[in-house]
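Each remark here refers to the structure printed beneath this line.
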Amino acid sequence: MNLSTTPLSPPLSAPLSSATISMMLADARLPVGGHVHSAGLEPALSGGMPAAQVPGYMLGRVRTVTLVEAGTAVVARHVAVQGTGQGVFGAAQLAVALATVDRAWAARTPSRAVRDVSRSLARGYQRLAGTLWAEHPAVVASALGSTPPGPTLSRPVLLGVIAAAAGLDAESLVRLVVYDDAQTIAAAMLKLEPLDPAIPPGWVLAACAAAEEFVTDLAALTSADAIPAWGAPESEGWAEAHSRTTQRLFRA
Amino acid sequence: MLENSTPSSSAPARSLRIGVAGPVGTGKSSLIATVCRALAAELRLGVITNDIYTDEDARFLRSAGVLEPERIRAVETGACPHTAIRDDITVNLLAVEDLERDFNPLDVVLIESGGDNLTATFSPALVDAQIFVLDVAGGGDVARKGGPGIARADLLVVNKTDLAPYVGVDVPAMVADAETAREGRQVLALSRSDAASVETLAAWVRGLLVEHRAGTHTPQDPGPMAPHFHADEEGGPGLLHSHDETEHVHDGEPAHTHH
């Protein structure tokens with residue numbers, strides 16, 4: 001039996017719900033290499049942040065870098081949906097449009113280490129998208145925009161592309177980005193500062209609840225210029241330091 | 001970003017990818033250094049290391065001077081070395097593909113697993129063949145304990161045979177135990193100071209490369225776990241068996257993952 005060459009595409013007659021796509025993309029078992037990431041938690045703890053502040057760290061990200069990630073993903077999704085809707089764009093034009101969104105994200109992500117890690121994680125998503133939705137114009141365009149060792153797209157842009165290809169609505173996409181960031185921290189916490197494993201999921205829900213007030217506005221974004229530009233300088237400093245350490249469990 | 005990009009040229013050559021697994025301290029890095037030392041003059045080589053806590057293995061290999069430092073790359077495994085070589089091999093696949101692209105063409109890429117336990121094996125989707133490494137200092141009885149790597153890796157190495165007199169291990173007996181556990185698959189008693197054993201290892205790699213290029217080598221899965229016992233839910237006698245290439249899924253046995 002050879003399953004390696006027979007990826008199955010979802011039948012068009014049975015569209016998937018956003019809930020299903022969200023579940024798959026939020027699942028830590030999704031094979032995109034996510035288990036080597038801690039959403040900045042290991043750099044933060046190594047940098048001296050007390051473990052007791054992790055719930056606050058999660059909430060801080062919801063109000064800063066996660067808004068940038070979610071806004072970028074939503075705009076990338078919008079561009080991908082618009083560009084493939086009526087065949088107005090060719091793949092090359094769509095790739096340029098996605099690159100514009102990517103530049104807006106990069107301008108809002110001053111740490112080179114954070115950008116590098118996001119682009120590296122995005123390649124796992126690119127691999128997945130290239131297998132599941134290989135023919136989708138946005139996926140084709142994103143592959144044009146990712147040419148290692150040259151430039152590659154960031155993770156939120158790839159999430160937006162996948163959202164367009166898989167049929168994930170914008171609000172679900174925002175919630176996915178928020179949940180994934182918080183849950184990545186929660187899972188990494190159990191390796192770095194073990195505690196009763198039933199406790200961090202409560203922090204995740206608190207972070208998701210704190211993000212609800214932003215969901216509608218973020219989901220309505222259509223322009224790269226309008227992507228929020230909140231930063232977390234201390235966290236970025238920790239990420240830079242972590243990228244130079246020789247002793248780490250997580251890539252970032 | 002796009003304006004700086006160049007269209008990707010034709011796909012890089014697909015190397016022979018060899019995994020090296022085995023418990024901590026049995027000499028995986030040293031074995032890779034030995035292979036590089038023996039073959040670097042005749043083959044184009046690359047190395048990927050999977051470290052658990054550090055990039056120690058990559059630094060060891062770079063400092064050994066057996067290969068250009070740029071051809072040795074480390075990947076992080078999020079404290080799950082077994083996941084990164086078996087379940088979600090994404091980071092390792094990307095690292096291998098990057099290496100094949102940056103040093104195209106490569107003949108062989110050696111992928112070292114993080115030192116784990118007796119049950120960690122590579123996915124055949126990541127490596128074409130795998131070496132499982134034990135050493136005499138770990139105890140003469142380890143080969144008898146079996147497990148997927150010991151029993152069904154493409155090659156089992158019993159390493160550090162030069163230490164046998166100091167640790168009271170009978171190498172021929174340990175090799176014989178291993179051959180029994182492996183039902184005739186190859187076992188190599190290796191010491192980096194024993195030139196004949198090193199040449200046998202080099203010849204094994206050369207032979208595999210010939211088969212790989214001829215398309216006659218098929219990657220085999222050693223299996224995810226050792227032969228083990230399932231209690232019979234009906235209260236019967238139960239069943240001792242092993243999972244192999246014709247593996248079946250047990251109803252009700254939960255999927256297992258690490259993240």
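Structural remarks
- Taking one quarter of the surface of the C-alpha convex hull of the protein assembly as shown gives a mean projected area of 26.7 nm².
- Look at the stretch B:95-108: the mean tally of other chain Cβ atoms within 10 Å of its residues' Cβ atoms is 1.
- Note on B:LYS145: aspartates and glutamates with a C-alpha under 17 Å away, same-chain residues under 8 apart excluded, are B:ASP116, B:ASP135, B:ASP170, B:ASP177, B:GLU179, B:GLU183.
- Those lysines that a straight Cα-Cα span of less than 19 Å connects to B:LYS28, excepting residues fewer than 8 apart in one chain: B:LYS160
- Taken about its Cα centre, region A:35-238 carries a charge dipole of roughly 520 debye when the Cβ of each Lys and Arg holds +1 and the Cβ of each Asp and Glu holds -1.
- Residues of region A:129-169 buried by at least 40 Å² on assembly (accessible area, 1.4 Å probe, chain alone as reference): A:THR147, A:PRO151
- Mean Cβ count within 10 Å, highest first, over the residues of peptides B:179-185, A:137-143: A:137-143, B:179-185
- With a 1.4 angstrom probe, the accessible area lost at the B-A interface totals about 2700 Å².
- Each of the peptides A:182-189, B:189-196, B:130-137 was scored by the mean count of other Cβ atoms within 10 Å over its residues; in descending order, highest first, they stand as B:130-137, A:182-189, B:189-196.
- Sites matching trypsin sites (Lys or Arg not before Pro) across region B:12-73 that sit in DSSP coil, with at most 13 neighbouring C-beta atoms within 10 Å: none
- Neighbouring Cβ atoms from other chains, within 10 Å of the Cβ of residues in B:79-85, number 3 on average.
- Solvent exposure of region A:35-238 as accessible area per residue, Å², 1.4 Å probe: 38
- Note on region A:35-238: Rg/Rh from Cα positions, Kirkwood definition for Rh, rounded to two decimals, is 0.98.
- Taking every residue in A:226-234 and counting other chain Cβ atoms within 10 Å of its Cβ, the average works out to 0.
- DSSP bridge orientation in the protein assembly as shown - percent antiparallel, rounded to nearest 5: 10
- Magnitude of the charge dipole for the protein assembly as shown, about its Cα centre and with charges confined to Cβ atoms of Lys, Arg (+1) and Asp, Glu (-1), is about 1280 debye.
- Farthest positive-ward along region A:35-238 dipole, Cα basis, beta-carbon charges - from A:LEU128, A:PRO201, A:ALA187: A:LEU128
The values are calculated or read from the model by the stated rules, or taken from the named source; none is laboratory data. Quick caveat, the model's predicted, so the values are computed rather than measured. Here the Cβ is made from the backbone with ideal geometry for all residues, glycine too, and neighbour counts use every protein chain on show. When the accessible area is computed, the model is the full protein with side chains, heavy atoms only, and any ligands, DNA or RNA have been set aside. Shrake-Rupley method; radii C 1.70, N 1.55, O 1.52, S 1.80 Å.
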